[in-house]
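Computed from the coordinates by the stated procedures, all read-outs in this text should not be read as laboratory data. Quantities reported herein were computed from a predicted structural model and do not represent experimental measurements. Positions of Cβ are backbone-derived with ideal geometry, glycine not excepted, and every protein chain shown enters the neighbour counts.
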Amino acid sequence: MKTLQRTLTIVKPDAVRKNAVGDIIEQFEKNSFRILAMKMLEINKHQAEQFYAVHASRPFYHSLTEFMSSGPIVVLALEKENAIADLRELMGATNPAGAKEGTIRKKWGSSIEHNAIHGSDADDTARFELSYFFAGYELAK
Ligand code: CMP
């Protein structure tokens, strides 16, 4: 039986500043992700810290959360079979310098921090991240 999976993605402030939102959403649709919910918003430093709490002990935590609260972001709830792994494939490596041709980070990322897009990395983080930005009633049926 085929099982649909959900994941949370964020078009980061660098990609929004580059007017890459439309291009990135087109990639989701071309790659058969169903958009269940989508919104543009700005988060503050505290909210970015909560979202990235798993990275709290990392040396880049302060800089990452400053960056993520530096301007508008677009968050989307996406669904397809194997959504988490397929989105990570479409995004490309965390560091755009090592990302494959044709990936979103290769096209729009400029550094390991300014890497254009975030995607959940596992089922449990996807559940946390989806619920961080969306209430259940906001997701398309
Ligand atoms: P993301 O998928 O949003 O998950 C955590 C983010 O931390 C990651 O993408 C990168 O943008 C950032 N990150 C990971 N490793 C480093 C690093 N070594 N230096 C700076 N930022 C990093």
Cα-Cα longer than 24 Å, checked against Lys12/Lys141; Lys80/Lys100; Lys2/Lys39; Lys39/Lys80; Lys45/Lys100; Lys18/Lys45, kept in input order, equals Lys12/Lys141; Lys2/Lys39; Lys45/Lys100
So, with points 7 Å from each Cα along the Cβ direction, the Phe60-Lys45 label distance in nm works out to 2.0 nm
Residues whose modelled amide H sits under 5 Å from the amide H of Gln5, counting only those 5 or more places away in sequence or on another chain, are Lys80, Glu81, Asn82, Ala83
If each part is reduced to its alpha-carbon centroid, the stretch 117-138 and the stretch 32-57 end up apart, in Å, by 8 Å
Counting only backbone N atoms under 16 Å from a point 7 Å out along Cα-to-Cβ of Val21, the residues of the stretch 42-70 in range are 42-43, 69-70
Along the stretch 10-25, Karplus-curve 3J(HN,Hα) (6.51, -1.76, 1.60; θ = phi - 60°) to the nearest Hz, with x for Gly and Pro, reads 10, 7, 6, x, 5, 6, 5, 4, 8, 6, 9, 4, x, 4, 5, 5
Mean separation of Cα contacts under 8 Å (at least 6 apart) over the residue count of the chain, i.e. the relative contact order in percent, is 36 percent
